[in-house]
Amino acid sequence: MPIVFKNLKKEYLVVFLMSVSVVFSGSLIAPIEQRFISSLTENSVLMGFTFALGTLSLSLIALIFARLSRTYGKNKFIIAGAAMGILYPLIYATSTNILQYMGGKMVFGFAGAAMGPLLIAYLQEHLSIEKNQGKLLGYLYSAQSIAGSFGAIFGGFVADRYFLGAPYYLQFAVLLIPFFLALKFFGRRRVETNGGLASSVEAKHSLAKHHSYLFSIKYILSKPYLVYRFLFEIPFRMMWSVEIILYPLIILSFIDSNTVIGSVFATQGVIAMIVLPFAGKLVDKRSYMTGMRWAFFLMGISTFVMAFSISLSMFWILAGLFSVGLAIGGPARGVLEIKNIESEHRAEIIAVLTIFGYLLEALSPFLAGILLTMLNPKMVLLFYALLIWLFFGIATVVLKIKLKSK
């Protein structure tokens, strides 16, 4: 066992297991979801809206849940999110029309809003006192990548071996793991600090001091590095959310195989698995800003060249390079948040950053669906590559201006 894992607190390990299970479950359907939805509708715009609906519903309520958690505690919301999480795969799998599938996406959104941002805030609170924050995040993300890689290739295999909807039933079984972990760990009667607030009375008093929902936005805009993080999220989330649409379409232009599609996603996961521990060490040794810049650069280069792929092998290699950029960006973003967000406001700020990311995820597939009516998948990918470079420039300039004004 690596020395970094010695004497780890159970809080980290529980979040570790829950997060890895959720990632594995999601990756099971990555190779087939676009095809499954295509069997319900041939309308590319409606298809893009369906992908966007889950993140859109999540975005509408995540901040509300985060603010309520200051009064009622994170535990109840995490348990509720885990409980709802076991429902949506069954709705997906039994869908006979696109409206039913959309209903599943909305349940997914509510589950993610209740559990996602609060689980991240909970983890960051416990990592804030650790010295090797980058390493710990790197190992967590590496484990998620392992889960994602195995899940993607296994999901494609199961779909080819049995039937297209089979991975959804497997997803349901895997999501029972975080559900039971949430019941076991967060279901205990325990005192929650809520970022340093020991009682619900204090939480209510603190909440009253900044009751406006604009407080979180003002807080982010007051921190130069959080603004940089905010701008980084735009190309990061937009590109990440359309992989599931564009990658299968481009790969299918080379070869018709669900297993190959799953293998490409799996390759990205394996590469990230290898890179992430080193990325965490880089962030700890150098700085989170070094990691952010490298992430921008590698994602921009790989995506741009990927749009001009002339063979499956070329596309595959570049997809792997893109995953290196994603891997470096993970610990860098996490450490940036830990060091620049006060614990008292962490859940709310994480919720806002999450909402912003999910709104981008909602917009991006919808935009991709519109673009696909006019352009081929590679040209749509080129559009997203140019967005990465555009926001790299904007984020760099804005950071310099805000630091000078301090």
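The values are calculated or read from the model by the stated rules, or taken from the named source; none is laboratory data. A quick note: this is a predicted structure, and the numbers were derived from the prediction, not measured. All Cβ positions, glycine included, derive from the backbone under ideal geometry; neighbour counts span all protein chains shown.
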For this session: Inspect all residues belonging to region 58-79 and state whether any of them is under 30 Å from Lys131 (Cα atoms), assigned to a loop (DSSP other than H, G, I, E, B) and at pLDDT below 90.
Result: yes
Problem set entry | Selection status of Leu246, surrounded by fewer than 22 Cβ atoms within 10 Å (Cβ to Cβ), of a type in the set (A, V, I, L, M, F, W, C) and either at pLDDT 85 or above or in a helix (DSSP H, G or I) (or both) | no
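Could you say whether any residue in region 343-360 is in a loop (DSSP other than H, G, I, E, B), of a type outside the set (Asp, Glu) and modelled with pLDDT of 85 or more? First the steps, then the outcome.
Restricting attention to region 343-360, the residues satisfying the condition of being in a loop (DSSP other than H, G, I, E, B) are none.
Within region 343-360 (the criterion being in a loop (DSSP other than H, G, I, E, B), of a type outside the set (Asp, Glu) and modelled with pLDDT of 85 or more), the answer is no, since none of the residues qualifies.
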For this session: Please tell me if Ser212 is surrounded by fewer than 23 Cβ atoms within 10 Å (Cβ to Cβ), assigned to a loop (DSSP other than H, G, I, E, B), at pLDDT below 80 and of a type outside the set (A, V, I, L, M).
Result: yes
Seminar exercise, completed: Flagged pairs (Cβ under 7 angstrom, 6 or more apart or on separate chains; first in region 381-399, without any contact (Cβ under 8 Å) to a residue 40 or more places away in the chain and in a helix (DSSP H, G or I); second among the aliphatic types (A, V, I, L, M) and buried (at least 17 other Cβ atoms within 10 Å of the Cβ)) are Phe383/Leu371
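Please work out if Gly85 is small (Gly, Ala, Ser), under 24 Å from Phe215 (Cα atoms) and within 16 Å of the chain's Cα centre (by Cα).
No; evaluated as a whole, the condition is false for this residue.
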Exercise. In region 346-382, which residues are closer than 30 Å to Lys218 by Cα and either polar (S, T, N, Q) or in contact with a Gly (Cβ under 7 Å, 6 or more places away or on another chain) (or both)?
Worked result: Arg346, Ala347, Thr354, Ser364, Pro365, Phe366
Exercise. In the set Gly291, Gly325, Gly269, Gly329, which member is modelled with pLDDT of 85 or more, under 17 Å from Ser149 (Cα atoms) and not polar (S, T, N, Q)?
Worked result: Gly325
Exercise. Which residue out of Gly300, Gly357 is in contact (Cβ under 8 Å) with a residue 40 or more places away in the chain and within 29 Å of Met115 (Cβ to Cβ)?
Worked result: Gly357
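Can you tell me which residues in region 103-135 are among the aliphatic types (A, V, I, L, M) and over 20 Å from the mean Cα position of the chain (by Cα)? Even if it seems obvious, please write down each step before you answer.
Quick first cut of region 103-135, residues among the aliphatic types (A, V, I, L, M) only: 106-107, 111, 113-115, 118-121, 123, 127, 129.
Listed by number, the list holds a single entry, Ile129.
Of all residues in region 121-150 being charged (D, E, K, R) and touching a helix residue (DSSP H, G or I) at 6+ places or on another chain (Cβ under 7 Å), which is nearest to Glu344 (Cα to Cα)?
Pass one, region 121-150, residues charged (D, E, K, R): 125, 130-131, 135.
Keeping just the survivors that are touching a helix residue (DSSP H, G or I) at 6+ places or on another chain (Cβ under 7 Å) gives 125, 130, 135.
Working: Glu125: 10, Glu130: 18, Lys135: 24 Å.
The extreme case among them is Glu125.
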Problem set entry | Odd one out for Thr55, checked against (1) in a helix (DSSP H, G or I); (2) polar (S, T, N, Q); (3) surrounded by fewer than 22 Cβ atoms within 10 Å (Cβ to Cβ) | (3)
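Condition first: over 24 Å from Tyr141 (Cα atoms), part of a helix (DSSP H, G or I), touching a helix residue (DSSP H, G or I) at 6+ places or on another chain (Cβ under 9 Å) and not aliphatic (A, V, I, L, M). Can you find one or more residues in region 4-11 that meet it?
Quick first cut of region 4-11, residues over 24 Å from Tyr141 (Cα atoms) only: none.
No, because not a single residue in region 4-11 is over 24 Å from Tyr141 (Cα atoms), part of a helix (DSSP H, G or I), touching a helix residue (DSSP H, G or I) at 6+ places or on another chain (Cβ under 9 Å) and not aliphatic (A, V, I, L, M).
To keep it simple, each residue is scored yes or no on (1) assigned to a helix (DSSP H, G or I); (2) surrounded by 20 or more Cβ atoms within 10 Å (Cβ to Cβ); (3) in contact (Cβ under 8 Å) with a residue 40 or more places away in the chain; (4) more than 20 Å from the chain's Cα centre (by Cα).
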site: Trp240; (1), (2), (3), (4): yes, no, yes, no
site: Gly262; (1), (2), (3), (4): yes, yes, yes, no
site: Val275; (1), (2), (3), (4): yes, yes, yes, no
site: Leu282; (1), (2), (3), (4): yes, yes, yes, yes
site: Phe308; (1), (2), (3), (4): no, no, yes, yes
